[in-house]
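Engineer: For reference, the structure I am asking about is given below.
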Amino acid sequence: MSRAVPVLYRVVRRVAEGLLTLLIASVLIFGAMYVAPGSLVATLLGGPESVNAESIRAITEAYHLDEPFVVQYWYWLEGVLQGSFGRSYVYGLPVTTMLATRLETTGLLLVLSYTVIIGLGITFGILSATRRGRTDRVILVGTTFGSAIPQFVVALVLIGIFGVELGWFPVSGTGTGFADRLYHMVLPTFAVASVSLAVITRVTRQSMLDAFSQDHVEAARIRGIKSGPLVRRHVFRNALGPVMTMSGLILAGMLGGSVLVETVFGLNGVGSLLVDAINNNDFPVVQAVLLLMVGTYVVVTMIMDLLYPLVDPRVARKEKA
């Protein structure tokens, strides 16, 4: 049997699983609107004082509220598949437009945070596994604190020390111009990256220690291979699988993790848009942001699953067996 057949089967199966997950998530996200506290009609009319028989009838017809749940869901899903999430109940603007204006800030924040997580996390993990001694202990203590403290607490600490006391960095806003935007993103970046940076450091360290204990690494050491090539060719390469898996999970969940940090720093991103929408019962915006988060998670994890056998040949051999 051609090698392309199992690969194609795995791709089709993983895509089908991802689409099923998205479909189930979309039903739950849409249905959550009906179990939220408060009256949907009152929200659409702007408050209980505006509710009367005529306005209720007009809103009911406009939003198909007298139709069965399945029909209402189909109307919504049909719009989503065409790239429309409806209009904001509060601002009256297309939700797609509101999302587009916020994605730039959130995208920059996530790119910077992920760069810090991967760059520093893998570096610290390698140093901890190869240097050991005092370096290992310092990194272990640092990652213990980093993984135990919530991101919004880290954000408040960074604001207090580097923003208020030292005055090195701005504590709110997004700035103007590329360099100024990067400058404004320094503290939010490290707040978003804090927990995940500790996790990647720990995973890299443990994966490399496990690789160091394998027989082929000991054999390579006995053959006289020097420390640098030994780590690059035989240790880090074998440790890359778990690191890649955790990196993918972190990337997939970062959009949700940025919500509180954006709110603390007053950034006009997708996270702060979600918080405002929840507070105002602006359901079309909430549905769009949540579906974006779920979709991002599904797509990223699917891609990582498909790439994993390329990084770790042992997985590919198991799948063939």
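Engineer: Pick from the stretch 246-265 the residues that are within 13 Å of THR189 (Cα to Cα) and among the small types (Gly, Ala, Ser): which of them is modelled with the lowest pLDDT?
Structural biologist: Looking at the filtered set, the residue picked out is GLY257.
Engineer: When the stretch 50-78 is examined, which residues are found to be more than 39 Å from the chain's Cα centre (by Cα), in a helix (DSSP H, G or I) and not aliphatic (A, V, I, L, M)?
Structural biologist: Of everything in the stretch 50-78, those that are more than 39 Å from the chain's Cα centre (by Cα), in a helix (DSSP H, G or I) and not aliphatic (A, V, I, L, M) turn out to be SER50, GLU54, SER55, ARG57.
Engineer: Out of (1) within 30 Å of THR97 (Cα to Cα); (2) assigned to a helix (DSSP H, G or I), what's the single condition that is false for LEU267?
Structural biologist: (2)
Engineer: Quick check on my filter: what residues within the stretch 118-176 are under 21 Å from THR204 (Cβ atoms) and over 26 Å from the mean Cα position of the chain (by Cα)?
Structural biologist: LEU127, SER128, ALA129, THR130, ARG131, ARG132, GLY133, ARG134, THR135, ASP136, ARG137, VAL138
Engineer: If I filter the stretch 227-234 for residues that are of a type in the set (Ser, Thr, Tyr) and open to solvent by less than 20 Å² (accessible area, probe 1.4 Å), do I get at least one hit?
Structural biologist: Going through the stretch 227-234, the residues of a type in the set (Ser, Thr, Tyr) turn out to be 227.
Cutting the leftovers down to open to solvent by less than 20 Å² (accessible area, probe 1.4 Å) gives us none.
Checked against the condition, which is being of a type in the set (Ser, Thr, Tyr) and open to solvent by less than 20 Å² (accessible area, probe 1.4 Å), the stretch 227-234 yields no hits at all.
Engineer: What residue, of PHE169, PHE124, PHE162, is in a helix (DSSP H, G or I), in contact with a helix residue (DSSP H, G or I) (Cβ under 7 Å, 6 or more places away or on another chain) and free of Cβ contacts under 8 Å to residues at least 40 places away in the same chain?
Structural biologist: It is PHE162.
Engineer: So, one more: I'm told ARG237 meets every condition in (1) surrounded by fewer than 18 Cβ atoms within 10 Å (Cβ to Cβ); (2) over 23 Å from LEU197 (Cα atoms) except one. Can you identify the failing condition by its number?
Structural biologist: That leaves (2) as the condition not met.
Engineer: Check the stretch 207-226 and report whether any residue there is among the charged types (D, E, K, R), over 18 Å from VAL243 (Cβ atoms) and either at pLDDT 90 or above or part of a loop (DSSP other than H, G, I, E, B) (or both).
Structural biologist: The answer is yes, given that some residue of the stretch 207-226 is among the charged types (D, E, K, R), over 18 Å from VAL243 (Cβ atoms) and either at pLDDT 90 or above or part of a loop (DSSP other than H, G, I, E, B) (or both).
Engineer: Quick one: what pairs do we get from the stretch 227-254, first residue among the charged types (D, E, K, R), second surrounded by fewer than 20 Cβ atoms within 10 Å (Cβ to Cβ) and part of a helix (DSSP H, G or I), C-beta under 8 Å, 6+ apart or different chains?
Structural biologist: Once the first residue is among the charged types (D, E, K, R) and sits in the stretch 227-254, its partners that are surrounded by fewer than 20 Cβ atoms within 10 Å (Cβ to Cβ) and part of a helix (DSSP H, G or I) give ARG233/ALA220.
Engineer: Here's another thing I want to ask about it. Hey, could you check the stretch 81-106 for residues that are open to solvent by less than 30 Å² (accessible area, probe 1.4 Å) and part of a helix (DSSP H, G or I) and say which is nearest to LEU197 (Cα to Cα)?
Structural biologist: So, considering only residues that are open to solvent by less than 30 Å² (accessible area, probe 1.4 Å) and part of a helix (DSSP H, G or I), the one nearest to LEU197 (Cα to Cα) is THR106.
Engineer: If I filter the stretch 256-276 down to residues being surrounded by 24 or more Cβ atoms within 10 Å (Cβ to Cβ) and in contact (Cβ under 8 Å) with a residue 40 or more places away in the chain, which single residue comes out as nearest to the chain's Cα centre (by Cα)?
Structural biologist: That would be SER258.
Engineer: Quick test for you: out of THR201, THR174, pick the one residue that is open to solvent by less than 60 Å² (accessible area, probe 1.4 Å) and over 23 Å from LEU108 (Cβ atoms).
Structural biologist: THR201
Engineer: Can you tell which of THR301, THR296 is open to solvent by 40 Å² or more (accessible area, probe 1.4 Å), among the β-branched types (Val, Ile, Thr), at pLDDT 80 or above and not in a loop (DSSP other than H, G, I, E, B)? Spell out how you get there, then give the answer.
Structural biologist: Values: THR301 fails: open to solvent by 40 Å² or more (accessible area, probe 1.4 Å).
Just one listed residue meets the conditions, THR296.
Engineer: Moving on. Out of all the residues in the stretch 113-156, which are at pLDDT 85 or above, closer than 23 Å to ASN238 by Cα and of a type outside the set (A, V, I, L, M, F, W, C)?
Structural biologist: TYR114, THR115, GLY119, GLY121, THR123, GLY125, SER128, THR130, THR135, ASP136, THR143
Engineer: Separate question: Restricting the search to the stretch 19-43, which residues are hydrophobic (A, V, I, L, M, F, W, C), part of a helix (DSSP H, G or I), at pLDDT 70 or above and open to solvent by less than 40 Å² (accessible area, probe 1.4 Å)?
Structural biologist: ALA25, ILE29, PHE30, MET33
Engineer: Among the candidates THR60, THR144, THR135, which residue alone is touching a helix residue (DSSP H, G or I) at 6+ places or on another chain (Cβ under 8 Å) and either aliphatic (A, V, I, L, M) or in contact (Cβ under 8 Å) with a residue 24 or more places away in the chain (or both)?
Structural biologist: THR144
The values are calculated or read from the model by the stated rules, or taken from the named source; none is laboratory data. Being a predicted model, the structure only gives us computed values, none of them experimental. Note that each Cβ is placed from the backbone with ideal geometry, even for glycine, and that neighbours are counted across all protein chains shown. What goes into the accessible areas is simple: the full protein's heavy atoms, side chains included, and nothing from ligands, DNA or RNA. Shrake-Rupley method; radii C 1.70, N 1.55, O 1.52, S 1.80 Å.
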